[in-house]
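**Q** Have a look at this one before I ask anything.
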Amino acid sequence: MKTNIAVLHLKSKDPQKVYNLGGRVYTSILAAKSTFPTPDPTMEDFGSEVTKLDTNIKAKDGSKLKNQAIVDQTEVVYGMLKSLIIYVNKIANGDMAIILLSGFDCNNDPVEHGIPGKALIKRIEDGSVACSAKIFLDALPDADRYKVEISTTSDDPESWKTVIDFGGLNRLEIRDLTAGQKIYIRVSGGNTHGWGVPSEPMVFIPR
């Protein structure tokens with residue numbers, strides 16, 4: 001009988017693909033803490049390294065130094081993914097549902113993730129500190145990350161600024177806003193195939 005195991009399904013260490021898988025696994029394991037209580041490496045360390053890889057990719061300008069930084073950071077994230085696969089397989093013990101819950105693919109059932117549909121913000125409340133905003137929305141099918149953008153002029157496509165990338169559904173809080181300044185907030189759901197349609201902008205005034 002063939003055993004179900006978590007697999008990387010990466011044919012090469014392409015930096016963008018490693019980053020995409022890293023983001024998916026990060027948000028998935030973080031959202032399933034009760035199933036994965038003590039991931040090794042920790043999600044704090046893993047998330048930090050995935051973010052570094054994203055930063056390096058975005059800073060790419062063709063220089064050998066920055067290209068090498070991307071290669072080196074890709075190796076770091078790839079190595080951590082391999083460690084997480086060992087952890088997930090120990091927890092899952094062959095259970096396909098638990099494997100897929102982690103964000104990894106299963107050897108018996110590679111998961112096809114469609115691009116998520118349009119997001120819908122339910123409400124926005126004051127956050128945990130002054131001049132912050134907590135965003136609430138329902139989970140989107142196929143979404144394993146959420147992007148939050150803000151603008152002071154919602155009708156200007158160039159004015160939207162990303163303030164949260166691959167955020168978890170329960171961690172959509174933005175800080176360091178300007179008190180009394182009316183802003184527009186929108187959210188998109190995404191996965192390795194891309195970002196879905198942003199929600200309709202919702203107005204918020206920080207205080």
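Just so it is clear, none of the values below were taken in a lab; they were calculated from the coordinates. Predicted model only: the values in this text are computed from it and were never measured. Ideal geometry is used to build each Cβ from the backbone, glycine not excepted, and the neighbour counts take in all protein chains shown.
**Q** Would you mind getting me the FRET efficiency between Arg207 and Lys58? Use the beta-carbon distance for r and R0 = 30 Å, nearest 0.05.
**A** Using R0 = 30 Å, I get an efficiency of 0.40.
**Q** Run the dipole for the range 6-106 about the Cα centre, Lys and Arg Cβ at +1, Asp and Glu Cβ at -1, nothing else charged, and hand back the magnitude in debye, nearest 20.
**A** 260
**Q** Decide, for the range 7-165, between rounded, prolate and oblate: order the square roots of the alpha carbon gyration tensor eigenvalues as a ≥ b ≥ c, take rounded if a/c falls under 1.5, and otherwise choose prolate if a/b is larger than b/c, else oblate.
**A** Oblate shape, in that a/c is at least 1.5 and b/c is the bigger or equal ratio.
**Q** Continuing with this model, one more query. With axes computed from alpha carbons, what is the tilt in degrees of helix 43-58 against the longest principal axis of the chain, rounded to the nearest 10 within 0 to 90?
**A** Helix 43-58 sits roughly 70 degrees off the main axis of the chain.
**Q** Here is a further query. For the pair Arg171 and Ser132, how long in nm is the line joining their label points, each one 7 Å along Cα→Cβ?
**A** Computed distance between label sites Arg171 and Ser132 equals 1.3 nm.
**Q** Ranked from highest to lowest mean number of other Cβ atoms within 10 Å per residue, what is the order of the peptides 162-168, 126-132?
**A** 162-168, 126-132
**Q** Take the residue pairs Lys60/Lys122; Lys11/Lys66; Lys64/Lys134 and return only those whose Cα atoms are more than 29 Å apart.
**A** Lys60/Lys122; Lys64/Lys134, as the Cα separations exceed 29 Å there.
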